[in-house]
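Peer 1: One structure, pasted below without further comment.
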Amino acid sequence: MAEFTLKVNGSEHRVNAGSEESLLSVLRDRLQLTGTKYGCGEGQCGACTVLLDGQPALACITLASGAAGQKITTIEGLERNGELCHVQQAFLHEGAFQCAYCTSGMIMAATGLLHAHPHPSEEQILQAMNGNICRCGTYPRILAAIHRAAQAAPTEADDARA
Amino acid sequence: MPARELQDGFATEAAQHDVPRQLRAFALDRRDFLRLCGGGLLVCLAGEPSLAQESGGGWGRHPLPEQISAWLFIDAHGKVTVYTGKVEVGQNIRTSLAQSVAEELRVAFDTITMVMGDTDLVPWDAGTFGSRTTPTMGPQLRKMAAAARSLLVEKAAQQWKVDPATLVAANGNVTNPAAAQTLSYGALTQGEKLTATVDGELPLTPATEWKIAGTPVPKADGRDFVTGRHKYPSDIVRPGMLYGKVVRPSGFRATLVSVDTSAAEKMPGVQVVRDGDFIGVVAPDGWTAEKAAAAIEAKWAVPAQISNTELFADLKKRAEGGAAAGGDMEQALAGAEMKMDAEYTIAYIQHAPLEPRAAVAEWDGTHLTVWTGTQRPFGVRDELAQAFRLPGNQVRVLMPDMGSGYGGKHSGECAVECARLAKAAGKPVKLVWTREEEFTWAYFRPAGVISIRSGVRHDGTLIAWAQTNINSGPSGIDTPYNVTAKAGDFREVEDPPLRQGSYRALAATANHFARESHMDDLAHAVNMDPLEFRLKNLTDARLRAVLQAAAQRFGWGRQASSPQRGFGMACGTDKGGYVAACAEVEIDAARKVRVRRVVQAWESGAIVNPDGLRNQTMGAIVQAMGGGLFEEIRFASGKILNPLFSEYRVPRFRDTPEIEVVLLDRKDIPSAGAGEIGIVALAPAVGNAIFAATGERLRAMPMAAGKFRA
Ligand code: FES
Ligand code: FES
């Protein structure tokens with residue numbers, strides 16, 4: 001076991017976890033941040049996507065201890081004062097989900113993408129999103145949501161998050 | 001709708017959704033009753049009605065309550081709570097059912113809260129499958145809402161001492177226009193239950209007059225899903241909860257030879273649970289549970305079993321000697337100007353819902369509560385009750401809206417295992433299957449071999465059609481085309497190599513793939529355009545309508561296929577849904593197939609929520625790409641060879657074509673379910689497009705597994 005501090009969504013958490021324990025397991029089981037999902041545990045589905053210092057990362061194959069010192073953002077950290085960020089709003093607006101189990105990961109991956117490329121090309125979107133699986137098959141709507149978010153002006157929640 | 005009607009066709013339908021149990025019941029105090037089903041605890045409903053039998057007399061054994069209060073409650077503030085055993089798995093019925101209730105009750109959509117799949121609170125229900133929610137639960141709830149509305153109107157009439165016929169119910173109020181009097185529903189019920197019983201029919205609002213139903217209301221509680229706030233079954237946390245893990249055998253049908261649990265037992269906080277061949281652990285956190293399970297050394301004996309390369313030969317051998325086609329058929333075939341004989345195969349595939357099986361179990365004395373992801377909360381409740389020798393009313397199953405199922409979550413393995421661990425631990429336990437467990441120990445869409453013998457005249461008139469399906473199922477086997485001599489024959493195989501069960505649309509996918517590929521071959525054989533050939537042999541107006549709608553939107557016939565670009569179409573119907581798809585594929589020099597564009601037309605009666613329906617139809621097309629082109633379970637010696645997303649390919653963003661959905665709204669026809677049949681036309685349309693481009697007929701699903709890549 002190892003003890004370290006994680007900075008998640010702006011708060012510091014003292015964590016006691018296995019030295020090889022994944023960030024996903026720590027977020028879900030130890031910090032009860034269950035918005036980040038398990039889908040495969042091998043970096044293949046994107047359900048566990050979070051942001052590390054603004055960059056998308058797959059929490060299931062990221063060591064929790066290795067993320068100490070980085071700014072971790074999960075789906076729970078996007079909303080500010082009850083206001084959704086523009087990516088969340090765009091997903092809602094397009095109804096870009098069915099069961100929505102993939103949605104957290106999709107929104108985090110899209111947020112990371114738009115952070116790096118505010119006006120991404122189609123190829124940049126596919127490149128950034130192809131690692132995220134939606135078994136319900138809502139890909140066309142997710143693409144529409146990303147295009148919508150790219151056009152929308154950032155909200156207060158976005159400013160606070162950035 | 002009377003209970004009797006709810007049964008129509010239900011027994012046959014339900015039988016196909018049943019998952020064979022592979023294990024005897026186990027009793028905690030009788031170890032010898034515990035058997036291993038390849039890997040976890042599974043409870044055999046031996047001696048008890050299986051789902052199929054249960055549903056045959058099912059609604060008799062579980063009569064639908066006729067009390068309004070069993071289905072809906074209006075509190076003193078006018079908030080409406082609706083109770084149903086149907087569950088939300090992404091098909092959007094939490095929204096569409098609430099729309100239907102709001103419509104009949106004449107209240108705003110957002111006054112309604114749906115309580116779904118909580119076995120203590122909702123009327124018994126067989127489960128959410130077979131596209132039954134919209135055609136059966138929809139009318140049931142509408143009827144109850146209409147009855148509640150008329151009861152409220154009567155209450156107001158009594159208070160005001162006027163004729164109820166002069167009053168108007170709208171927007172959660174009853175109004176007397178003559179006297180400008182108004183009473184809200186909340187004021188009328190004062191939070192008391194509506195105790196009236198309803199039997200027989202009630203006039204329901206026709207679709208042409210719908211104001212809330214029929215509109216694109218967004219997903220209920222959508223905000224909870226984009227904020228991560230919604231709690232899926234795998235997200236449930238209980239006070240003092242521990243985490244479980246099951247030790248799996250090295251193959252199917254294995255027996256335990258020896259086990260050493262000493263290393264795991266020494267780990268702090270770890271408890272090992274043994275019950276016959278069942279081995280599990282509980283630990284304070286999931287990470288430790290995983291380590292502890294890995295530290296257990298178990299040896300298993302796995303009997304010899306066939307591999308996927310021997311599968312189709314094996315199925316055919318085992319189905320030999322079925323009933324021969326009748327003399328009329330043979331005569332019709334003998335007299336045909338052209339005959340065609342072809343065989344099609346369909347592989348085992350997995351549902352792979354993104355959320356694997358998960359459960360949290362909590363014991364309170366002899367009461368058991370389990371939160372779990374399932375399409376059959378009452379089925380799982382019964383499995384638990386039998387496994388632990390409890391009366392059904394001491395078991396409560398709750399089903400939080402889950403990370404979907406596609407027909408793959410009918411069974412309660414995870415719930416039973418979890419409850420067994422919690423019983424031993426004396427604390428609540430969470431058990432979440434890994435992706436590999438889900439790929440291995442859940443069940444599969446059945447593989448099958450389909451053969452078709454057909455006869456046609458030179459002028460393109462179909463005269464004989466004999467279709468046989470081995471193992472995959474009877475759904476959709478009857479041809480919708482006009483043909484005088486026709487036969488559909490399903491041959492079941494005893495004890496198939498993999499545990500198999502329901503999958504979205506059941507065998508309609510397999511049977512449509514075979515039929516629509518075959519129709520395409522016949523069209524080419526008689527030198528007719530595939531659309532023209534289909535229409536020539538089709539009088540079903542609804543199927544013609546979707547076929548023509550898809551063709552028109554697609555621009556069918558505007559462009560001829562070339563070796564690099566092919567156009568194909570397919571259509572079909574089952575369970576009251578009518579579908580037609582046109583596909584455009586691109587094939588490069590390396591024989592890599594890309595589906596570029598798909599137009600799909602859909603009709604299932606009056607549309608309850610056009611946005612939800614569009615979403616379902618589009619999702620079905622995307623999901624169908626997987627089974628059509630590349631999804632396939634490989635197995636050998638009792639093991640799944642590709643039990644991970646890195647080895648089992650599912651459709652991704654890059655696989656997704658440009659999709660256009662054309663919805664036909666038939667307000668004059670009762671709404672049918674739309675979650676399943678949208679999946680059946682894509683694969684044959686793509687196969688037919690590949691044929692149009694290359695002249696290669698692909699008769700095996702997945703199609704991009706041999707000569708072509710995707
Ligand atoms: S759970 Fe991390 S990529 Fe699938
Ligand atoms: S909406 Fe169900 S997995 Fe994406």
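The values are calculated or read from the model by the stated rules, or taken from the named source; none is laboratory data. Quick caveat: nothing in here was measured; it's all calculated off a predicted structure. Here the Cβ is made from the backbone with ideal geometry for all residues, glycine too, and neighbour counts use every protein chain on show. These accessible areas exclude ligands, DNA and RNA; they are computed on the full protein's heavy atoms, side chains included. Shrake-Rupley method; radii C 1.70, N 1.55, O 1.52, S 1.80 Å.
Peer 1: Regarding A:Cys102, is this residue within 27 Å of B:Leu431 (Cα to Cα), surrounded by 24 or more Cβ atoms within 10 Å (Cβ to Cβ) and over 12 Å from the mean Cα position of the chain (by Cα)?
Peer 2: no
Peer 1: It is to be established whether one or more residues within region B:244-263 are under 32 Å from the mean Cα position of the chain (by Cα) and within 14 Å of another protein chain (Cβ to nearest Cβ).
Peer 2: yes
Peer 1: Something else about it: Restricting attention to region A:89-99, and to residues there that are buried (at least 24 other Cβ atoms within 10 Å of the Cβ) and under 17 Å from A:Gln151 (Cβ atoms), which single residue is nearest to the other protein chains (Cβ to nearest Cβ)?
Peer 2: Here the residue is A:Phe91.
Peer 1: Filter region B:194-225 down to residues that are assigned to a loop (DSSP other than H, G, I, E, B), within 14 Å of chain A (Cβ to nearest Cβ) and out of contact with any Pro (no Cβ under 6 Å at 6 or more places or on another chain) and give me whichever is nearest to B:Ile669 (Cα to Cα).
Peer 2: Checking each candidate, the answer is B:Thr215.
Peer 1: Which of the strands (runs of 3 or more DSSP E) contained wholly in region B:323-385 include at least 3 residues that are without any contact (Cβ under 8 Å) to a residue 60 or more places away in the chain?
Peer 2: The strands (runs of 3 or more DSSP E) meeting that bar are B:367-372.
Peer 1: So A:Arg80 clears everything in (1) open to solvent by 10 Å² or more (accessible area, probe 1.4 Å); (2) more than 7 Å from chain B (Cβ to nearest Cβ); (3) more than 10 Å from ligand 1 (Cβ to nearest atom); (4) closer than 30 Å to B:Ala620 by Cβ except one condition, right? Which one?
Peer 2: (4)
Peer 1: Within region B:292-322, which residues are assigned to a loop (DSSP other than H, G, I, E, B) and open to solvent by less than 70 Å² (accessible area, probe 1.4 Å)?
Peer 2: If the condition is that a residue be assigned to a loop (DSSP other than H, G, I, E, B) and open to solvent by less than 70 Å² (accessible area, probe 1.4 Å), then B:Ala295, B:Ile296, B:Val302, B:Pro303, B:Gln305, B:Ile306, B:Ser307, B:Ala319, B:Gly322 are the ones that fit.
Peer 1: Which of the strands (runs of 3 or more DSSP E) found entirely inside region B:402-513 contain at least 1 residues meeting this: surrounded by fewer than 24 Cβ atoms within 10 Å (Cβ to Cβ)?
Peer 2: Because the criterion is at least 1 residues that are surrounded by fewer than 24 Cβ atoms within 10 Å (Cβ to Cβ), the strands (runs of 3 or more DSSP E) in region B:402-513 that meet it are B:448-456, B:462-470, B:485-491.
Peer 1: Separate question: Considering only region A:29-50, how many residues are more than 10 Å from ligand 1 (Cβ to nearest atom) and open to solvent by 20 Å² or more (accessible area, probe 1.4 Å)?
Peer 2: 5
Peer 1: Exactly one of (1) part of a strand (DSSP E or B); (2) more than 12 Å from chain A (Cβ to nearest Cβ); (3) open to solvent by 10 Å² or more (accessible area, probe 1.4 Å) is unmet by B:Val608. Its number?
Peer 2: (1)
Peer 1: Of the numbered conditions (1) within 16 Å of ligand 2 (Cβ to nearest atom); (2) more than 14 Å from chain A (Cβ to nearest Cβ), B:Ala358 satisfies every one except a single condition; which is it?
Peer 2: Result: B:Ala358 fails condition (2) only.
Peer 1: So A:Val15 clears everything in (1) open to solvent by less than 20 Å² (accessible area, probe 1.4 Å); (2) under 20 Å from B:Thr434 (Cβ atoms); (3) more than 7 Å from every other protein chain (Cβ to nearest Cβ) except one condition, right? Which one?
Peer 2: Checking A:Val15 against (1) open to solvent by less than 20 Å² (accessible area, probe 1.4 Å); (2) under 20 Å from B:Thr434 (Cβ atoms); (3) more than 7 Å from every other protein chain (Cβ to nearest Cβ), the one that fails is (2).
Peer 1: Please verify whether B:Leu398 is open to solvent by 10 Å² or more (accessible area, probe 1.4 Å) and free of Cβ contacts under 8 Å to residues at least 60 places away in the same chain, treating the condition exactly as stated.
Peer 2: No, not satisfied.
Peer 1: Please find, among A:His119, A:His86, the residue that is farther than 25 Å from B:Asn615 by Cα, more than 7 Å from chain B (Cβ to nearest Cβ) and not hydroxyl-bearing (Ser, Thr, Tyr).
Peer 2: Exactly one of A:His119, A:His86 is farther than 25 Å from B:Asn615 by Cα, more than 7 Å from chain B (Cβ to nearest Cβ) and not hydroxyl-bearing (Ser, Thr, Tyr), namely A:His119.
Peer 1: Give region B:177-219 a look and list any residue that's β-branched (Val, Ile, Thr) and open to solvent by 30 Å² or more (accessible area, probe 1.4 Å), or say none.
Peer 2: B:Thr182, B:Thr195, B:Thr197, B:Thr208, B:Ile212, B:Thr215
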